[in-house]
Amino acid sequence: MDPLTDEPEGYDVAAVEAWIAANVADLSPPFTWTRLQGGHSNLTYRIDDTMGRAAVIRRPPQGILLPKAHDMSREWALISALGPTAVPVAPAMAFCESPDVTGAWFYVMGLIDGKPLYTSDDTVARVAANKRQDLAWSFVDVLADLHALDPDEIGLGDLGKKEDYVGRQLRTWFRSWTSSVDDAEYDDPRAHDLRDFLAANIPEQGPARVVHGDYGLHNCLIRPDGQVAAVVDWEISTLGDPLADLAYALNAWAEPNEDREGAATALEGFPKRADLAARYGDRSGRDLSMLNYYIGFNWWKTACIIHGVYARYCAGKKSADGVDLDNLRTRIGRALDDAENALAPLR
């Protein structure tokens with residue numbers, strides 16, 4: 001991250017700093033603003049005050065947004081509710097829901113001493129080989145701790161619909177697939193067949209829990225000792241089936257012998273996905289006998305997501321400059337392969 005000399009994107013610095021001066025006792029403007037990476041294109045900055053104290057400020061990207069996209073109020077509600085729990089999050093400091101200040105809602109949270117891991121190079125730079133198992137256990141324990149919470153008891157009972165999480169996801173992403181077929185000029189019948197099997201065999205959900213929706217090392221701030229210091233990017237979190245959340249995290253957990261070179265966990269020293277699943281089962285007490293269903297469901301969903309992205313490139317709705325469209329198309333088929341392999345024992 002490099003300090004910016006120009007006006008921070010999306011922020012009226014004078015107005016925001018005046019608002020923070022009036023609403024956040026622990027910060028004293030003016031600030032030094034530094035852009036932070038990641039965050040689904042949300043405009044996220046580190047702000048350092050005149051007393052050497054630091055925090056993070058976050059707002060949606062500029063321009064017209066899709067409904068429910070980049071929901072700052074949802075993120076704020078989650079970190080506020082989770083702050084007193086065992087789930088590590090950045091301290092919630094202040095939320096501004098007046099767009100008059102800088103054109104959008106924004107919030108301020110405490111700065112956490114940790115870094116996300118996107119690639120194996122990030123892991124090598126951040127976590128020593130003898131700390132990687134500790135990182136894996138911390139990673140899965142935090143997810144189990146999140147899924148142990150009763151949303152009603154922590155004030156998140158209205159975060160989303162509690163019933164039929166997988167069914168709703170199947171309907172949403174199958175609509176995405178079918179609506180993208182013409183632009184993509186690509187329709188794999190397996191996407192339809194797998195959807196039919198998944199819809200006919202949804203496991204009983206059990207009590208709804210908070211699901212992160214994109215839980216991975218890229219959305220965790222990791223300390224050098226291999227512990228998860230905070231979970232970030234809660235904007236698509238909702239209520240649903242915790243085993244779907246677990247399977248999503250496991251699918252993203254690359255192993256060294258796989259064709260996923262450069263992934264954050266594709267290094268020696270990390271336990272395998274089966275080891276993470278076993279630890280989650282021990283810690284949560286949940287029955288994992290249908291885990292393959294959730295793994296297959298998530299690979300099918302991944303295929304639908306990539307298919308939609310590919311279609312938007314093909315239709316010229318997104319610039320394809322520098323994008324390997326052939327590779328993107330290949331990844332759709334590979335995700336469907338992985339879905340078929342995961343579901344084969346259940347068919």
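Using the alpha carbons alone, the radius of gyration of the range 13-110 stands to its Kirkwood radius in an Rg to Rh ratio of 0.95.
Here the range 303-347 is assigned +1 on the Cβ of each Lys and Arg and -1 on the Cβ of each Asp and Glu. Its dipole about the Cα centre then comes out at about 200 debye. Backbone amide hydrogens, once placed in the peptide plane, bring Ala230 within less than 5 Å of Leu221, excluding anything fewer than 5 places away on its chain. Using a cutoff of 8 angstrom between alpha carbon atoms and counting only pairs six or more residues apart, the relative contact order for the chain works out to 17 percent.
Rounded to the nearest 20 debye, the dipole magnitude of the chain is 380 debye, with +1 charges on Lys and Arg beta carbons, -1 on Asp and Glu beta carbons, and the Cα centre as origin. Each Lys or Arg adds one and each Asp or Glu subtracts one; over the other residues with Cβ under 13 Å from the Cβ of Arg190, this totals -4. When the charge dipole of the chain is built from unit charges on Cβ atoms (+1 for Lys and Arg, -1 for Asp and Glu) and taken about the Cα centre, the candidate among Val101, Ser319, Phe197 whose Cα reaches farthest toward its positive end is Phe197.
Counting only residues at least eight positions apart within a chain, or on another chain, the lysines with an alpha carbon under 23 Å from that of Lys317 are Lys68, Lys301. Computed extension length for Asp259-Asp152: 34.3 nm, one decimal, from 0.36 nm per residue of separation with the Cα-Cα distance subtracted. Quick check: from the Cα gyration tensor, does the range 189-339 come out rounded (a/c under 1.5), prolate or oblate? Oblate shape, in that a/c is at least 1.5 and b/c is the bigger or equal ratio. The range 70-145 and the range 190-228 have Cα centres lying 18 Å from one another.
Backbone N atoms of the range 268-306 closer than 17 Å to the 7 Å Cα→Cβ label point of Gln133 belong to residues 268-280. Dividing the radius of gyration of the alpha carbons in the range 89-149 by their Kirkwood radius gives 1.14 for Rg/Rh. Here, the chain is characterised by an Rg to Rh ratio of 0.96, where Rg is the alpha-carbon radius of gyration and Rh the Kirkwood radius.
Of all lysines in the structure, those lying under 22 Å Cα to Cα from Lys115, and not within fewer than 8 positions of it along the same chain, are Lys131. With the simple spin-label model, which puts each label point 7 Å out from Cα in the Cβ direction, the Asp193 to Asp337 separation comes to 1.6 nm.
Values in this text are rule-based calculations from the coordinates and carry no lab data. What you see is a predicted model, and the numbers here were worked out from it, not measured in a lab. Every residue, glycine as well, gets a Cβ built from its backbone with ideal geometry; the counts of neighbours run over all protein chains shown.
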